Amino acid sequence: MTQTAKKPVSMKKTILRLLLYFVVLDVCVITLYPYFAMLCTALKSREEIFSAAGTVLPVTALWSNFIDIWSRAPWPNTCSTPS
């Protein structure tokens with residue numbers, strides 16, 4: 001069996017690769033943060049949304065908010081096709 005020698009990785013290439021990973025991670029966080037904030041806000045109560053001491057995460061998650069909006073919205077009027 002032959003042993004293949006590994007090439008030494010240059011410092012410049014390592015730094016550029018780390019910089020690329022950092023930029024990709026930043027783009028992912030910037031892209032996904034609005035969805036995270038939207039979900040956190042959807043799980044809050046009205047009082048918690050409009051309170052002066054705002055928090056990012058809800059104190060108690062209200063999953064019933066999703067049921068409320070589906071039951072209160074006038075879906076037959078909005079989803080019907082115009083004649």
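Rule-based calculations on the coordinates, nothing more; no lab input. All of these numbers come straight from a predicted model, not from anything done at the bench. Note: ideal-geometry Cβ built from the backbone for every residue, glycine included; neighbour counts use all protein chains shown.
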Extreme residue, positive dipole direction of segment 11-69, given options Val24, Leu43, Ser64 (C-beta unit charges): Val24
The chain: angle of helix 11-42 to the longest principal axis, Cα-based, in degrees nearest 10: 10
Projected area, mean over directions - the chain, Cα convex hull, nm²: 14.5
